[in-house]
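Asks: Dropping the structure in here first, questions after.
The values are calculated or read from the model by the stated rules, or taken from the named source; none is laboratory data. Because the structure is a prediction, the values reported are computed rather than measured. Note: ideal-geometry Cβ built from the backbone for every residue, glycine included; neighbour counts use all protein chains shown.
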Amino acid sequence: MQIQPYLFFDGRCEEALNFYRSALGAKVTALMRFKDAPANASAPGCTPPPGDKIMHANMQIGEVQIMASDGVAPGEGAFKGFALSLAPATDVEAERLFKALAEGGSVQMPFGGTFFASSFGMTTDRFGVPWMVVVPLPEKT
């Protein structure tokens, strides 16, 4: 069994996918727009977004799959109570990824070394998704 994040971008999913392609090297492995759904496929009580909006997408970042959608609920999407964590192999790559994610977003903890990691930082990207970037210190034996 796997747990996979499913992020709803309230109408900005395509913009988010393009951002993650550029910032993280994400690969979009599936994409379905609302206009691609059968006419009778809408859920009761839900008004689907315009047809060009994304009903479902899947992207791969490293070895992890993350699903995404524009969603069907009105209002601003809010990502609270969690963070996505990246663990690149090197401090140089970690800093590059942190800076890319932080551009247009907000930094909660500046990037740098800590007692538990050679590199660590916390940021919220321009879509409101919280991220932690960490290169853990080697295990002591």
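Asks: Which residues, taken from the stretch 101-126, are surrounded by fewer than 18 Cβ atoms within 10 Å (Cβ to Cβ) and either aromatic (F, W, Y) or closer than 16 Å to E139 by Cα (or both)?
Replies: Scanning the stretch 101-126 gives G113, T114, F115, F116, S118.
Asks: Right, here's the next one. Please name all residue pairs, on different chains or six or more residues apart, with Cβ atoms under 6 Å, provided the first residue is in the stretch 125-141 and is under 15 Å from L97 (Cβ atoms) and of a type in the set (K, R) and the second residue is surrounded by fewer than 19 Cβ atoms within 10 Å (Cβ to Cβ) and at pLDDT 95 or above.
Replies: The qualifying pairs are R126/G104; R126/G105.
Asks: Is it fair to say G25 is at pLDDT 95 or above, at positive phi and not hydroxyl-bearing (S, T, Y)?
Replies: yes
Asks: Mind telling me which of the residues F79, F98 ends up being surrounded by 15 or more Cβ atoms within 10 Å (Cβ to Cβ), modelled with pLDDT under 95 and either touching a Ser or Thr at 6+ places or on another chain (Cβ under 9 Å) or not in a loop (DSSP other than H, G, I, E, B) (or both)?
Replies: Just one listed residue meets the conditions, F79.
Asks: Please state which of the following conditions E63 fails to meet, knowing it meets all the rest: (1) more than 24 Å from A89 (Cα to Cα); (2) surrounded by fewer than 18 Cβ atoms within 10 Å (Cβ to Cβ); (3) at pLDDT below 95.
Replies: Condition (1) is where E63 drops out.
Asks: Okay, next question. Take the stretch 112-135 and flag every residue that is closer than 23 Å to G81 by Cβ and outside any loop (DSSP other than H, G, I, E, B).
Replies: Those that are closer than 23 Å to G81 by Cβ and outside any loop (DSSP other than H, G, I, E, B): A117, F120, G121, M122, T123, T124, P130, W131, M132, V133, V134.
Asks: Here is a follow-up. (1) of a type outside the set (S, T, N, Q); (2) modelled with pLDDT of 95 or more; (3) assigned to a strand (DSSP E or B): which one isn't true of M55, the others all being true?
Replies: (2)
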